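Quick notes on the structure that follows.
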Amino acid sequence: MSLTVGVPKGALYDEAAARLRAAGIDAPEDPGRRLTCTTADGTRLLFLRPTDVPAYVEFGAADCGIVGADVLWESERNVSELADLGFGACRLVVAARRVDRYHEGAPFPTFLRVASKFTKSAEAYFAERDIPVQIVKLHGSVELSPLVGLADLIVDLVATGNTLREHDLVVVDEIARSTARFVVNPVRFRSAYGAIVDLLGRLDPGAAS
Amino acid sequence: MKLPAGTRDWLPAELQRKHAVEAALRAVFAARDYAEVQTPHFERFDVLASGLGAESAAAAFLFADRSGTQLALRPEMTTPIARLVSSRMRGAALPLRLCYLQPAFRYDEPQEGRMREFTAAGLELIGADGLEADAESLFSALEALDAVGLREARIDINHVAIVESVLDGFAFEARVRAACHEAIATRNLVSLRATLDAAGRASAAPVLVELAMARGGTDVLDTAARLCGSETGRAGLERLRALLARAQDLGYAGRVGIDLALLRDIAYYTGLVFEGYVEQAGFPICGGGRYDDLLPRFGFAAGAVGWSLAVERVLIALERRP
């Protein structure tokens, strides 16, 4: 049986496609404006916004997919994470202005405002530490918010750290490390068992041991 | 004119299709001699919560009456029926065969196959232990799927003692054990490996990953026999082996499989567990199992086995058929 695979566009695409090609699925170098394509071996690829991959997989519209762990933490979708594919590494961190010296242990203000795209992860992090916060959901350029007084802290993804440095922000704490994951729909795992296990073995040769 | 999230209307043609499915289910229940019962749509939350696991209780719609007593819309039917049997039907001759076809309510994020108001149908065989009772429940579920027109549906079975037995063998500390159990149940191999690494128990990974990925027929039971140390685990395996053989005899070969990581997200199961599915849907069509500890929580010493399905899910699966 041929599988339908959700593939993230954007930053993870090139490595995801390379990994699929190494697994014998000829994913295009560049999906361009295409939404889907069917490869020579009959696999159907869906080119998706990264944050949409979990929904496609949970609903069974895709049997399986490749998605960053950071997206999974926020989506709370019911999908099975079968393999850590290792690429697309980045860190979810708490960061602040250097001058506030939170990274050197200066106490947080009593009324703490935190800006993030990753509101669920941010909420969970501060709740675990019993720190009351007001979370401000932002959709981009989160690093601006502490500079203009919108937030005391930000929770954001960091790959190289250049963005933080450019704005004189520093890491206060690391919440988690994210990499690309291979996820499947729990029911499709059963109805397409042979094909899924086969693809898992080709994507991540160490997975079954 | 907005409807609350997760609810829907039924127009005449849709309702007709729903009623056809319900009639087919009632015919299966009647042929197996199950008597239909009805319980209130809402009950005292403390009573329901004593039967439901934490996850199901958290999914209940809650409200209060004027005296402040907390009430809940029932999120499923097995707990209300356990309450009913433990109180009003204590004197009834066992085994007791009861069925239901009633609305139930869950405060979940609405999505395909998961409505906040849905129609629960199922049956409960109460006061019967052993292979015969498990077989009756399992194969009546297949009969029901056949009767509604899902003749291609398959059911995967498991026994909760198998995973317990394998985990016992590693003597993990409680927190690690719970995290491993959760990772196997959700088949999250990444978190399974990370949990074991963090606990300094990476050497357990090959066995637990093999368990989480094991799915198939009798070959899987042979694998499990190797991993399973305890008497209860092996008894669970024998139960599954017997059910597979029975499936063969009944002409259901190829429609019943083993999935050793199938652990339903309802806390009360104690033995056999099973889930039915079809290729065209990304959610299970029916599910059930043995729950010997539920009626005792209501003060009635009887084991039971049963299953349920959501009529709306059957309708989606039928519509989607190639």
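The values are calculated or read from the model by the stated rules, or taken from the named source; none is laboratory data. In this text the structure is predicted, and so the values were computed from the model without any measurement. Ideal geometry is used to build each Cβ from the backbone, glycine not excepted, and the neighbour counts take in all protein chains shown. Calculation scope for accessible area: heavy atoms of the full protein, side chains included, ligands and nucleic acids excluded. Shrake-Rupley method; radii C 1.70, N 1.55, O 1.52, S 1.80 Å.
Paramagnetic label reach from A:T38 (point 7 Å along Cα→Cβ; backbone nitrogen cut-off under 13 Å): within the range A:45-87, residues A:45.
Take the accessible area of chain B alone and of chain A alone, subtract that of the pair, and you get about 2100 Å² summed over both chains, using a 1.4 Å probe.
When a/c reaches 1.5 or more, the comparison of a/b and b/c decides; with that in mind, is chain A rounded, prolate or oblate per its Cα gyration tensor? List each step's numbers first, then the result.
On the way: a/c = 2.59, a/b = 2.19, b/c = 1.18.
It is prolate, given that a/c is not under 1.5 and a/b is the larger ratio.
Where the only charges are on Cβ atoms (+1 Lys, Arg; -1 Asp, Glu), what is the dipole of the range B:155-276 about its Cα centre, to the nearest 20 debye? Kindly include the intermediate steps, with their values, before the conclusion.
Details: 13 positive and 15 negative charges, 9 e Å.
Dipole size: approximately 40 debye.
Here A:K9 is the anchor, and the lysines within straight C-alpha reach of less than 28 Å, apart from those fewer than 8 places off in the same chain, are A:K117, A:K120, A:K137.
Note on A:W73 and A:E104: their simple-model spin labels are 2.7 nm apart, each label 7 Å out from Cα toward Cβ. When peptides A:128-137, B:62-71, B:278-287, B:27-36 are ranked by their average number of other Cβ atoms within 10 Å per residue, the highest-first order is B:278-287, B:27-36, A:128-137, B:62-71. Ordering A:P107, A:A83, A:V57 by Cα displacement along the dipole of the range A:35-121 toward the positive end leaves A:P107 in first place; charges were set at the Cβ atoms of Lys, Arg (+1) and Asp, Glu (-1).
Its Cα centre serving as origin, the protein assembly as shown has a Cβ charge dipole (Lys and Arg +1, Asp and Glu -1) of approximately 680 debye. For chain B, averaging the sequence separation of C-alpha pairs within contact (under 8 Å, six or more residues apart) and dividing by the residue count gives a relative contact order of 23 percent.
Treat every Asp and Glu Cβ in the range A:90-177 as -1 and every Lys and Arg Cβ as +1, leave all other atoms uncharged, and give the resulting dipole magnitude about the Cα centre to the nearest 20 debye. Write out the running numbers ahead of the final one.
Working: 11 positive and 12 negative charges, 35 e Å.
That gives a dipole near 160 debye.
Averaging the sequence gap over all C-alpha pairs within less than 8 Å and six or more residues apart, then dividing by the number of residues, gives chain A a relative contact order of 28 percent. Over all other residues within a Cβ to Cβ distance under 13 Å of B:T223, the charged ones net out to -1, with Lys and Arg as +1 and Asp and Glu as -1. Between B:A267 and B:L62, the simple label model (points 7 Å from Cα in the Cβ direction) yields a spacing of 1.4 nm.
Residues of the range A:164-207 that bury at least 40 Å² of accessible area once all protein chains are present, compared with their chain alone (1.4 Å probe, heavy atoms only, ligands and nucleic acids left out), are A:V187, A:R188, A:F189, A:R190, A:S191, A:Y193.
Shown for the range B:195-216: residues covered by the partner protein chains by 30 Å² or more of accessible area relative to the chain by itself (probe radius 1.4 Å), namely B:M213, B:R215. With the cut-off at under 16 Å, measuring from each backbone N in the range B:2-35 to a point 7 Å along the Cα-to-Cβ line of B:A93 picks out B:33-35.
List the lysines whose alpha-carbon lies under 26 Å from that of B:K2, not counting same-chain residues fewer than 8 positions away? Within the straight-line cut-off, B:K2 pairs with B:K18. The portion of the accessible surface of the protein assembly as shown made up by carbon and sulfur, rounded to a whole percent, is 51 (1.4 Å probe; DNA, RNA and ligands excluded). Positive-end ranking of A:Q134, A:A18, A:T39 along the dipole of chain A, with charges on Cβ about the Cα centre, is headed by A:T39.
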